[in-house]
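This report refers to the structure that appears directly beneath it.
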Amino acid sequence: MGESRENTLEGVLNELQGSIPEIEACAIVSVEGLPIVSALPTDVDEAKVAAMTAAMLTLGEKAAIELGKGNLEQVNIKGVDGWLLVVQAGMNACLTVSTTANAKLGLIFLDMKRAAEKVATMI
């Protein structure tokens with residue numbers, strides 16, 4: 001018996017991206033910087049995104065600890081055309097999301113947290 005669509009990593013990404021129109025792309029990557037599954041535009045290099053996401057997460061963790069901010073919850077980058085958001089998804093993976101500039105971050109963070117918790121149980 002196959003897994004239902006919602007119970008796959010692809011299903012988690014599809015649900016996340018489908019629920020919020022401002023999410024343009026998303027990916028699940030390993031903490032080592034390897035792509036696991038993604039919903040990225042065809043002109044985006046999945047391997048580069050995975051490596052950069054893992055590097056951002058590692059630097060964010062070190063900075064948060066060094067500056068006494070506790071355990072890292074998220075890494076956020078704002079560009080003129082939108083946001084890049086990264087959260088840990090269990091011990092071995094992280095979830096990255098790219099949004100439009102006018103995205104409502106509160107709602108996105110809530111949905112990302114739920115998605116990351118699902119991913120953590122799968123990986």
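Here, each number is a calculation from the coordinates, and none is a lab measurement. All of these numbers come straight from a predicted model, not from anything done at the bench. Please note: Cβ atoms are built from the backbone with ideal geometry, for glycine as well, and neighbour counts cover all protein chains shown.
Assorted remarks:
- Amide H to amide H, with H built 1.01 Å from N, Ile36 comes under 5 Å of Ile28, Val29, Ser30, counting only residues 5 or more places away or on other chains.
- 3J(HN,Hα) from dihedral phi, the range 75-84, Karplus parametrisation 6.51/-1.76/1.60, rounded to Hz, x for glycine, proline: 10, 10, 10, 10, x, 4, 9, x, 10, 10
- Sorting 15-24, 37-46 by average packing, meaning the other beta carbons within 10 Å per residue, from highest down gives 15-24, 37-46.
- Using only side-chain charges placed at the Cβ, +1 for Lys and Arg and -1 for Asp and Glu, the dipole size of the chain relative to its Cα centre rounds to 340 debye.
- Taking only the C-alpha atoms of the chain, the Rg (one decimal) and the largest Cα-Cα distance, Dmax (whole number), read 13.8, 49 Å.
- Helical content of the chain, expressed as a calculated mean residue ellipticity at 222 nm, amounts to -13500 deg cm²/dmol (DSSP H runs of 4 or more residues, -39,500 (n - 2.57) each, divided by residue number, nearest 500).
- Under-5 Å amide H pairs with Ala93, H placed in peptide plane, nonlocal only: Val31
- Extension gain for the segment Met122 to Ala51, taken as residue separation times 0.36 nm less the Cα-Cα distance, is 23.5 nm to one decimal.
- In Hz, Karplus ³J(HN,Hα) per residue of the range 54-64 (6.51, -1.76, 1.60; θ = phi - 60°; x = Gly, Pro): 5, 5, 4, 5, 4, 5, x, 4, 5, 5, 4
- A simple rule links phi to the HN-Hα coupling: the Karplus curve 6.51 cos²θ - 1.76 cosθ + 1.60 with θ = phi - 60°, which for the range 39-50 gives 10, 10, x, 5, 8, 9, 7, 4, 5, 5, 4, 4 Hz, with x for Gly and Pro.
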